[in-house]
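Working notes, beginning with the structure itself.
The values are calculated or read from the model by the stated rules, or taken from the named source; none is laboratory data. Model, not experiment: these values are computed from the prediction. Note that we place each Cβ from the backbone using ideal geometry, even for glycine, and neighbour counts take in every protein chain shown.
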Amino acid sequence: MDQQQTTTANRSGSRILRAASACLISLAFTVCASGGAAAATSALPTLTISVLQFGTAHWELDHLKHRELDHRNGYDLVLKPVANLSASRLAVTSGSSDGAVADLLWAQARYEAGSPYLYVPFSSQIGDIVVAEGSTIDSVDDLAGKRIGVAGGPDSKGWILLQNVAAKQGVNLAVSADVQYAAPPLLSQALKRGRVDAIVTYWHFAARLKGSGGWRSAFGMADLLEAMDLDTNLPVLGYVFPAGWAGKHASLIERFSQSLNDTKTELAGHSEYWQRLRPLMGNPSDGVFEALRKGFLVGTPSLLTESRIGDLHHLLELTGTEAGSVMPEELFYRGGQ
């Protein structure tokens, strides 16, 4: 090999070495950065929440994780999706998760059973009364003599509330109407096939019906709450945590609550964030998607006050809880107030 070829080879080798060194340095920085991020996350306190895979709470919790609003508030949220409500409740009662989503009546039942839970507000959506677009049902007394489908059984909050309002107007719906109890999907089909005249169902099933066209609310649940002199923005769904555990992790609960507030603010102010959640919502049509999005936002609860907690107590009494047995005020989380 002559001198020129040797020089060229040396230069080529030097370039290769420099390139390899640069790659190694870049890789080292990447490894260090990822390792540092992992170490930072592992140093944060962890909160585990059991959540229904396709439940409405999963929408906000998924957004919270995606936007790292947990890390910004100083903790790491771990979601444990489950297939059904029973599995979610089992997760929190067995201690395999720190918290779960439950309704007010479940929290009350656990309190009466001697296992109190801290109740952190999630949603004020209590349900809906849905009829065909052309129905003549526009008020509570119009339901007399009609076929009514009820989701959740005879202990459904919406159904109990509806009966109480009807009773104030002199109507006994349990006697004057033909009442059928069934699961929400079956009731939606029964309404479509004309087997019932109205259904009392969960808000998101109502939203799917109304968003698809041809169906409407006969009247609002807010009207029923108002008729019973109750606040119309009561959180009937909440995140629940064993009271003993929550007392030892008050700071973590506060961080979680703040991240929920941040999440709800972002989802209310940026409609584009919802597109990423569409698969969790079942990839609905545009009309149904909008009905679900708006329904979720309408259910954003206000901070609990002494007056609202009093109204929650009244609601529990309407559902059959004795006045002296309702959950005490300290089990209702008031956002660090």
* Give the residues of the range 108-132 that are buried (at least 22 other Cβ atoms within 10 Å of the Cβ) and of a type in the set (A, V, I, L, M, F, W, C), sorted by residue number. => L118, V120, F122, I126, I129, V130, V131
* Can you tell me which of W215, W245 is outside the structural domain of P301 (by TED's automatic domain parsing), touching a strand residue (DSSP E or B) at 6+ places or on another chain (Cβ under 9 Å) and of a type in the set (F, W, Y)? -> W215
* To do: For the range 309-332, indicate whether the set of residues that are surrounded by fewer than 17 Cβ atoms within 10 Å (Cβ to Cβ), at pLDDT below 95 and either outside the structural domain of S50 (by TED's automatic domain parsing) or aliphatic (A, V, I, L, M) (or both) is non-empty.
  => yes
* Looking only at residues in the range 294-308 that are among the β-branched types (V, I, T) and surrounded by fewer than 19 Cβ atoms within 10 Å (Cβ to Cβ), which one is farthest from T56 (Cα to Cα)? -> T305
* Can you spot a residue in the range 198-207 that is exposed (fewer than 14 other Cβ atoms within 10 Å of the Cβ) and either in contact with a Ser or Thr (Cβ under 8 Å, 6 or more places away or on another chain) or not assigned by TED's automatic domain parsing to the domain that holds L303 (or both)? -> no
